[in-house]
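Down below is the structure, laid out as structure tokens.
Taken together, the values in this text are just the output of simple stated rules run on the coordinates, not laboratory data. Keep in mind that this is a model prediction, so the values were computed, not measured. We place every Cβ from the backbone using ideal geometry, glycine too, and count neighbours over all the protein chains shown.
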Ligand SMILES: C[S@@+](CC[C@H](N)C(=O)[O-])C[C@H]1O[C@@H](n2cnc3c(N)ncnc32)[C@H](O)[C@@H]1O
């Protein structure tokens, strides 16, 4: 069992962390990662999974941010729509979005393969999934760390094509997959 994952744990952790989240995030998050994620986004109808306090997509008026944690959402500054929801049981049906973003949230999904399959179902044809995740096994006591091969397998199973896997530095990677 990892320290930050498991049934009910992400919600509990982020409800507690919410008052200090922006302060912590500012110290560990590299500004250039935000630019890279934003540049990878296609279209305006964007689903931000684990939107948190809105950091990644708060510039998009047509984005929808979902999060398990009401305490994170209460602190969000966001121009789009915010919904308390779990990606694993989404309040949307069918191909609705041009991009689904997981910025620091993919590894909290109880099943990565199923999480990506659900995201793919919500994507329009030619839509993309953009994932910013940790890439160092030093963090594996806390959250699962996936390799490029793992992302390829998850993408194949979800009917997506892995476009790129890029290490941003020793700790993080950016993954982009597309729906044919
Ligand atoms: C590390 S924070 C990232 C927040 C934001 N994306 C950012 O970059 O600042 C991860 C967020 O994912 C949310 N989360 C985890 N599992 C989720 C799920 N299954 N569905 C929706 N949100 C989830 C957590 O509640 C938390 O707010």
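In table form, for the structure just shown:
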{"read-out": "Identity of the residue in the stretch 108-125, over 11 Å from residue 160 (Cβ atoms) and out of contact with any helix residue (DSSP H, G or I) (no Cβ under 7 Å at 6 or more places or on another chain), that ends up farthest from the ligand (Cβ to nearest atom)", "value": "125"}
{"read-out": "Restricting the stretch 39-51 to residues that are over 22 Å from residue 109 (Cβ atoms) and free of Cβ contacts under 8 Å to residues at least 60 places away in the same chain, the residue that is nearest to the ligand (Cβ to nearest atom)", "value": "39"}
{"read-out": "Test: residue in the stretch 10-23 that is under 17 Å from residue 172 (Cα atoms) and near the ligand (Cβ under 9 Å from one of its atoms)", "value": "no"}
{"read-out": "Whichever residue in the stretch 88-107 is surrounded by 17 or more Cβ atoms within 10 Å (Cβ to Cβ) and under 17 Å from residue 127 (Cα atoms) and, among such residues, is nearest to the ligand (Cβ to nearest atom)", "value": "103"}
{"read-out": "Single residue of the stretch 129-141 satisfying the filter (surrounded by 14 or more Cβ atoms within 10 Å (Cβ to Cβ) and outside any strand (DSSP E or B)) that is nearest to the chain's Cα centre (by Cα)", "value": "135"}
